[in-house]
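Take a look at the structure below.
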């Protein structure tokens, strides 16, 4: 039979293990919440990346159209030199050119905004990768603690069995 002191030690060890288990469960719950938050951020990031990809495609298409319009404007300027008598046509072409330059400035601004958003997105992805690494570490630690707890439970069970065998 176990002495009171041995019983107290086993009870104390059991209470300590229960506290550790509660701590591990709390950490696990927190990590699960972090994973949910990270998943939501990842979903937002993916949606933003998709949006940015679409906008980049639009910008490239507009850039291509702008290049064509700039080439057309250059051709119009060459015709202007050849056809001085068509001054009214030249005024229209100058107006178009100014609008194209405004469009170009606007597109350049949008392009810079998209690049800034892409930079933010890349930084978020880096942060998510760091957090995912940290979560992996914590999960590994949790697994080690759980395994250690299970080993201690096994030892307690063996000790209890040995005690019972001695008592019999």
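Worth a mention:
- Inter-label distance for residue 70 and residue 113, nm, one decimal - labels placed 7 Å from Cα along Cα-to-Cβ: 2.1 nm
- Each of (1) 122, 18, 16; (2) 44, 41, 33; (3) 67, 50, 39 is a candidate for Cα extents along the principal axes in Å; the one calculated from this structure is (1).
- Full extension of the chain segment joining residue 149 with residue 96 gains 11.4 nm, where the gain is 0.36 nm per residue of separation less the Cα-Cα distance.
- Crossing angle, helix 87-167 versus the chain [Cα axis fit, 0-90 degrees, rounded to tens]: 10 degrees
- Here the label points at residue 13 and residue 103, each 7 Å from Cα along the C-beta direction, are separated by 8.1 nm in the simple model.
- For the chain, the relative contact order is 41 percent, taking Cα pairs closer than 8 Å that sit 6 or more residues apart in sequence and dividing their mean separation by the residue count.
- Our note on the geometry: Cα centres of region 29-61 and region 1-24, 47 Å apart.
- Degrees, to the nearest 10: 4-82 long Cα axis against longest axis of the chain: 10 degrees
- Order of 4, 67, 96 - criterion: other Cβ atoms within 10 Å of each residue's Cβ, fewest first: 4, 67, 96
Only the coordinates and a few stated rules stand behind these numbers; no lab work does. Keep in mind that this is a model prediction, so the values were computed, not measured. Note: ideal-geometry Cβ built from the backbone for every residue, glycine included; neighbour counts use all protein chains shown.
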